[in-house]
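First comes the structure, then the notes that go with it.
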Amino acid sequence: ALADEERDIPGGTGVVHYSPLGVIYGIQPWNFPCYQVVRYAIANLMAGNGVLLKHAENCTGSGLFLRDLMQRAGLPKNLFTVLLIDHDQSDLVIENDLVRGVTLTGSDGAGRIVARKAAENLKKSVLELGSNDAYIVLDDADIDSAVEACVAARIYNNGQTCVNGKRFIVTARNYDAFVEGYSRKMQAIEMGDPTDGRTGLGPLARNDLRDKLAAQVDESVRKGARAVVGGKTPDRKGAYYPATVLVDVKPGQPAYDDELFGPVASIIRAEDDEDAMRIANDSRYGLGGGIFSRDEGRARKLAAEQFDTGMISLNGFNLAIPNMPFGGVKNSGYGREHGGFGMKEFVNAKSIYMMDAAADA
């Protein structure tokens, strides 16, 4: 549990005590079926809360595995409980008086539904939703290292990560060189068996997800984008989609406006550094992002003062790590996990006023 904090108050000592709220309900996605659950569950168990889990339908076994693992490790039974339920039953869980908070990682569409139900019942929620993270390549960037990092940022987990790099915004000075280098590296990535360590790109999680991605690419092309690499569903068994590079990406195309959850990169040309930052912020999302520049001090200042997003990598691609806060703004949700913040999302910060006896007299 979190330690008490003491503060000076007039005539005595103030104590801030963190009490667990009770039962916290988590709704979690399929793309990291163990990590996503551990991320919210462990922080809440450490804070003293009980945890419920509704996992994605296509990875129920992961939730049950974690339940059994925690019990084998000594966690008292039912402190972490997996619910095998549908969406209507999920609403009833949120309404239950014993449930004191709701956390969801998933799409912004699912987030709206769950947040509305939680708000109806005056229960706090934390939402970790999707994004179309922008990685900005400024005039003074090292293009070779930017290309390398931006390829990794796009294809990590076959592109199925909320904080993948998805939009690559490159200034006019570097645009042609970046497109050439990036396209060459993406073209060289071969699809194959995900259990083979030499495979560069495995399949997506389900056929319907692959088909949605393909439809987003096709619509973007109809509206003026060009696929310079990939862009066609392969004729093979499995939910495969090739590493794809789209250029001539403009507002009104899914490749510009929406989240493409797979190995499809949108490259957007900016006039200069200022225009690149404007385009990066021209999104309804704001979860992660990146800046490439040789001037680390300036990049840090831009990240801190101008980039309207939750997590920013400078000159590289980084995933979530436990000692840094994880979360976003705008349609990417609210609240934070990791970094100590996750333990304080669902606690009652009690104020206890201890007055000195002399002051009372």
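Helix 172-187 sits at what angle to the longest principal axis of the chain, using alpha carbons and giving 0 to 90 degrees rounded to 10?
90 degrees
Going by how many other Cβ atoms sit within 10 Å of their own, how do 193, 273 line up, fewest first? Don't skip to the end; give the middle numbers.
Numbers: 193 11, 273 20.
With the sparsest Cβ surroundings first, the list reads 193, 273.
For 83, 302, which order do you get if you count the other beta carbons within 10 Å of each Cβ and list the fewest first?
In order of increasing Cβ crowding within 10 Å: 83, 302.
Relative to the longest principal Cα axis of the chain, at what angle does helix 143-155 sit, 0 to 90 degrees, rounded to 10?
60 degrees
Please tell me the relative contact order of region 231-349 in percent, rounded to the nearest whole number, where contacts are Cα pairs under 8 Å and at least six residues apart.
For region 231-349, the relative contact order is 16 percent.
Let me check against my output: what whole-number percent is the relative contact order of region 134-314, with C-alpha pairs under 8 Å and at least 6 apart?
Values: 360 pairs, mean separation 52.4, N = 181.
Relative contact order here is 29 percent.
For helix 108-120, what angle does its Cα long axis make with the longest principal axis of the chain, in degrees from 0 to 90 and rounded to 10?
The two axes meet at around 20 degrees.
Could you work out [θ]222 nm for the chain from helices alone, using -39500 (n - 2.57) per DSSP H run of at least four and dividing by all its residues? Round to the nearest 500 deg cm²/dmol.
-10000 deg cm²/dmol
Which loop trypsin sites (Lys or Arg not before Pro) in region 97-168, with loop taken from DSSP, have no more than 16 other Cβ atoms within 10 angstrom of their Cβ?
Here no trypsin sites (Lys or Arg not before Pro) fit, given the DSSP loop and packing criteria.
For 136, 279, 352, 42, which order do you get if you count the other beta carbons within 10 Å of each Cβ and list the fewest first?
Fewest to most other Cβ atoms nearby, the residues stand as 352, 42, 279, 136.
Work out how much length residue 78 to residue 65 would gain on full extension: take 0.36 nm times their residue separation and subtract the Cα-Cα distance, in nm to one decimal.
Net length gain for the segment: 3.3 nm.
Using Cα-Cα distances under 8 Å and only pairs 6 or more residues apart, what relative contact order does region 68-215 have, in percent?
Normalised by residue count, the contact order of region 68-215 is 15 percent.
Of [x] 21.0; [y] 22.1; [z] 22.6, which one was derived for Kirkwood radius over Cα pairs in Å from the structure shown?
Label [y] holds the value from this structure.
Nearest 5 is fine: what % of DSSP beta bridges in region 134-314 come out antiparallel, could you say?
Approximately 15 percent, going by the DSSP bridge assignments.
Can you tell me the length gained on complete extension of the stretch residue 190 to residue 34, counting 0.36 nm per residue apart and subtracting the Cα distance? Display every interim value, and only then the final one.
Details: separation 156, 0.36 × 156 = 56.16 nm, distance 2.68 nm.
Stretched out fully, the residue 190 to residue 34 stretch lengthens by 53.5 nm.
Which percent, to the nearest 5, of DSSP beta bridges fully inside the chain are antiparallel? Please report the intermediate quantities before stating the final value.
Details: 20 of 57 bridges.
If we restrict to bridges inside the chain, about 35 percent are antiparallel.
Any read-out appearing in this document is the output of simple, stated calculations on the displayed coordinates, not a laboratory observation. Here the structure is a predicted model, which is why all the values come from computation and not from measurement. When we count neighbours, we look across all protein chains shown, and the Cβ atoms used for this are built from the backbone with ideal geometry, even at glycine.
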